[in-house]
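The structure appears right after this line, and notes come after that.
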Ligand SMILES: Nc1ncnc2c1ncn2[C@@H]1O[C@H](COP(=O)(O)OP(=O)(O)OP(=O)(O)O)[C@@H](O)[C@H]1O
Ligand SMILES: [Mg+2]
């Protein structure tokens, strides 16, 4: 089970495309308190921006709504929660399938696949009309020896 929370930040921002990059970098900076490699930090950045862009694009469909990001640091695990109160996902299992997208003209349907691949764990809670909440965790692969 998870240990004591060592640190946490919460961010709330409107679902504007400009905030995707902000959230990506802010989450990576928070994550860098743990001994992640640069490759692992890149994976966290990708997962973070895929989740926030999904909230902007699919959750709110260009309309303005609020996105909440919570980052928690445990002894050796990072947890990221990304939540919108948008339209929700009708079939979560289907949404997780590679190349499944509700916008086949524009999208590849790979965002959730990347998040699953790059994070250790992903939980999706979603209800049509209520919104979507992604909880993802990742721990550094190797504990680095400090000299
Ligand atoms: N926050 C969300 N709110 C509502 N629907 C979502 C949300 N996130 C994902 N979805 C649904 O799940 C589908 C799959 O998401 P995924 O990120 O894997 O692919 P995509 O966004 O369609 O394409 P890509 O991420 O490759 O641009 C989306 O097409 C959308 O229907
Ligand atoms: Mg996506």
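Only the coordinates and a few stated rules stand behind these numbers; no lab work does. On a predicted model such as this, the values are computed, not experimentally measured, just so you know. Note that each Cβ is placed from the backbone with ideal geometry, even for glycine, and that neighbours are counted across all protein chains shown.
Please work out which residue is nearest to the chain's Cα centre (by Cα), limiting yourself to the range 110-128 and to residues that are closer than 27 Å to residue 141 by Cα and in a loop (DSSP other than H, G, I, E, B).
The selected residue is 119.
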Consider residue 85 against the criteria (1) within 12 Å of the chain's Cα centre (by Cα); (2) farther than 25 Å from residue 108 by Cβ: it satisfies all of them except one. Which criterion is unmet?
-> (1)
Can you pull out the residues in the range 8-21 that are surrounded by fewer than 15 Cβ atoms within 10 Å (Cβ to Cβ) and within 27 Å of residue 76 (Cβ to Cβ)?
-> 8, 9, 10
Please state which of the following conditions residue 42 fails to meet, knowing it meets all the rest: (1) under 25 Å from residue 140 (Cβ atoms); (2) surrounded by 18 or more Cβ atoms within 10 Å (Cβ to Cβ).
-> (2)
If you check residue 125 against the conditions, is it without any contact (Cβ under 8 Å) to a residue 40 or more places away in the chain, surrounded by fewer than 16 Cβ atoms within 10 Å (Cβ to Cβ) and either closer than 27 Å to residue 41 by Cβ or away from ligand 2 (no atom under 12 Å from the Cβ) (or both)?
-> yes
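Would you pick out the residues in the range 1-20 that are assigned to a helix (DSSP H, G or I) and in contact with a helix residue (DSSP H, G or I) (Cβ under 9 Å, 6 or more places away or on another chain)?
Of everything in the range 1-20, those that are assigned to a helix (DSSP H, G or I) and in contact with a helix residue (DSSP H, G or I) (Cβ under 9 Å, 6 or more places away or on another chain) turn out to be 19, 20.
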Some residue of the range 96-103 being farther than 22 Å from residue 25 by Cβ, touching a strand residue (DSSP E or B) at 6+ places or on another chain (Cβ under 8 Å) and in contact (Cβ under 8 Å) with a residue 24 or more places away in the chain | yes
Residues located in the range 22-34, provided they are in contact with a helix residue (DSSP H, G or I) (Cβ under 6 Å, 6 or more places away or on another chain) and either loosely packed, with under 12 Cβ neighbours inside 10 Å or touching a residue at least 24 places away in the same chain (Cβ under 8 Å) (or both) | 23, 24, 27, 31
Go through the range 61-97 residue by residue and tally those that are surrounded by fewer than 21 Cβ atoms within 10 Å (Cβ to Cβ), away from ligand 2 (no atom under 12 Å from the Cβ) and part of a loop (DSSP other than H, G, I, E, B).
-> 15
